[in-house]
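Following: one structure in structure tokens, then a few remarks.
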Amino acid sequence: MERGLELHHIGVRFGGLTALDDVSLQVPPNQVVGVIGPNGAGKTTLFNVICGFVAPQTGALTLDGRPLRPRPHQLTRLGIARTLQGTGLFAGLTVLENVMTGAAHTAHAGFVSALLGLPASDRDERRLRRQALDILDDLGIADHAEAAPTTLPFAVRQRVALARALAARPRLLLLDEPAGGLGGDDIAGLAELVRQLPRRDTDPCAVLLVEHHMDLVMAVCDDIVVLDFGRVIATGAPDTIRDDPAVTDAYLGAAVDSDVA
Ligand SMILES: Nc1ncnc2c1ncn2[C@@H]1O[C@H](COP(=O)(O)OP(=O)(O)OP(=O)(O)O)[C@@H](O)[C@H]1O
Ligand SMILES: [Mg+2]
């Protein structure tokens, strides 16, 4: 029985400051789990622990019950992909090429030569191209395949970044504040997209969503973990979380202030 990603009693300190304190959570296969909490609650730190950017002082991670010591450059091999705050796309590559880089670890050397303008006859390269186009199509942005990312609206670039992460065919996708900088309609579109990820026929994946935006989290998550001052103060389905007074106190009060900023 696959258990997905689990964090067991994770603790992170920065000098005298406790950023995460005894945090345990699970992202089961094909579920969308959200991590929310007010500014400074520890969300990004948690994300960085899972990506391997921050090593916890206490606790452990497991993937399907086996010890996991994440390293940023080894994530895709473990079946984990991520997007970062901001899109991080390569300005010198087209949208399609950007998405192809997400799958480059599955290809042989030919792909790199192809990007450098050498003959693009390699079978790998054609396979990657077709796969990348399929993903762009799934995300409704295939029309932009040959565009330079810098010429596109932010919402489209966000989708390109998501497409690139999906090109690695992860079974767990980590999203850090994907709604940042998006307007209402774009957030609704993103919500629909994220909700579908565990349910698709090809390459379904679990999602861990670190997000300030309450509406998105409520709309897409099967399970929500609420952090406050580095501690888990609530875990449960969106309806439970919405009605939890501790969450309202800790999160919603602070969110009203910070959403204005
Ligand atoms: N590299 C670091 N060095 C020192 N303190 C840090 C570092 N990274 C984070 N912190 C502190 O750890 C706490 C948790 O920060 P973190 O960025 O994880 O919160 P967050 O929930 O992502 O907040 P936000 O909603 O503002 O993005 C904060 O008090 C922050 O100032
Ligand atoms: Mg953060």
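The values are calculated or read from the model by the stated rules, or taken from the named source; none is laboratory data. All of these numbers come straight from a predicted model, not from anything done at the bench. Please note: Cβ atoms are built from the backbone with ideal geometry, for glycine as well, and neighbour counts cover all protein chains shown.
From the residues in segment 15-25 that are within 13 Å of ligand 1 (Cβ to nearest atom) and in contact (Cβ under 8 Å) with a residue 24 or more places away in the chain, which one is nearest to P198 (Cα to Cα)?
Step one: of segment 15-25, the residues within 13 Å of ligand 1 (Cβ to nearest atom) are 15-21, 23.
Next, only the ones that are in contact (Cβ under 8 Å) with a residue 24 or more places away in the chain stay: 18-21, 23.
Numbers: T18: 33, A19: 30, L20: 28, D21: 30, V23: 24 Å.
Result: V23.
Please work out which residue is surrounded by the fewest Cβ atoms within 10 Å (Cβ to Cβ), limiting yourself to segment 26-72 and to residues that are within 9 Å of ligand 1 (Cβ to nearest atom) and of a type in the set (S, T, Y).
Looking at residues that are within 9 Å of ligand 1 (Cβ to nearest atom) and of a type in the set (S, T, Y), I get T44.
List pairs: first in segment 39-61 and touching a residue at least 60 places away in the same chain (Cβ under 8 Å) and farther than 14 Å from R231 by Cα, second away from ligand 2 (no atom under 12 Å from the Cβ) and aromatic (F, W, Y), Cβ under 9 Å, 6+ apart or cross-chain?
Close Cβ pairs (under 9 Å, with a partner that is away from ligand 2 (no atom under 12 Å from the Cβ) and aromatic (F, W, Y)) amount to F47/F53.
Away from ligand 1 (no atom under 16 Å from the Cβ), outside the structural domain of E177 (by TED's automatic domain parsing), over 17 Å from the mean Cα position of the chain (by Cα) and not hydrophobic (A, V, I, L, M, F, W, C): is that true of T94 in this structure? Quick ask: steps written out before the conclusion?
Numbers: away from ligand 1 (no atom under 16 Å from the Cβ): yes; outside the structural domain of E177 (by TED's automatic domain parsing): yes; over 17 Å from the mean Cα position of the chain (by Cα): yes; not hydrophobic (A, V, I, L, M, F, W, C): yes.
The answer is yes for T94.
Can you say whether T62 is touching a Leu at 6+ places or on another chain (Cβ under 7 Å) and farther than 18 Å from C221 by Cα, as far as the supplied structure shows? Quick ask: steps written out before the conclusion?
Working: touching a Leu at 6+ places or on another chain (Cβ under 7 Å): yes; farther than 18 Å from C221 by Cα: yes.
Against the criterion (touching a Leu at 6+ places or on another chain (Cβ under 7 Å) and farther than 18 Å from C221 by Cα), T62 qualifies.
Do you know which residues across segment 1-23 are within 29 Å of A191 (Cα to Cα) and surrounded by 14 or more Cβ atoms within 10 Å (Cβ to Cβ)? Walk me through it before giving the result.
Just the residues of segment 1-23 that are within 29 Å of A191 (Cα to Cα), to begin with: 1-8, 10, 19-20, 23.
Passing the criteria: R3, G4, L5, E6, L7, H8, I10, A19, L20, V23.
Condition (residue is modelled with pLDDT of 90 or more and touching a Ser or Thr at 6+ places or on another chain (Cβ under 6 Å)) applied to segment 67-86: is it met by at least one residue?
Yes, the conditions are met somewhere in segment 67-86.
Enumerate the helices (runs of 4 or more DSSP H) found wholly within segment 139-250, keeping only those where 1 or more residues are acidic (D, E). Talk me through it step by step, then tell me what you get.
On the way: elements: 154-167, 184-196, 214-220, 238-242.
The helices (runs of 4 or more DSSP H) meeting that bar are 184-196, 214-220, 238-242.
Do we have L136 as within 16 Å of ligand 2 (Cβ to nearest atom) and at pLDDT 90 or above here? Give the steps one after another, and end with the answer.
On the way: within 16 Å of ligand 2 (Cβ to nearest atom): no; at pLDDT 90 or above: yes.
Against the criterion (within 16 Å of ligand 2 (Cβ to nearest atom) and at pLDDT 90 or above), L136 does not qualify.
Identify, please: which residue in segment 19-38 is within 16 Å of ligand 2 (Cβ to nearest atom) and of a type in the set (V, I, T) and is, among those, nearest to V225 (Cα to Cα)?
Pass one, segment 19-38, residues within 16 Å of ligand 2 (Cβ to nearest atom): 19-20, 23, 34-38.
Still in the running and of a type in the set (V, I, T): 23, 35-36.
Working: V23: 10, V35: 5, I36: 6 Å.
Restricting to residues being within 16 Å of ligand 2 (Cβ to nearest atom) and of a type in the set (V, I, T), the top hit is V35.
Okay, residues lined up against (1) within 16 Å of ligand 2 (Cβ to nearest atom); (2) under 13 Å from the mean Cα position of the chain (by Cα); (3) surrounded by fewer than 23 Cβ atoms within 10 Å (Cβ to Cβ):
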| residue | (1), (2), (3) |
| --- | --- |
| D176 | yes, yes, yes |
| G183 | no, no, yes |
| D201 | no, no, yes |
| P204 | no, no, yes |
| D215 | no, no, yes |
| V225 | yes, no, no |
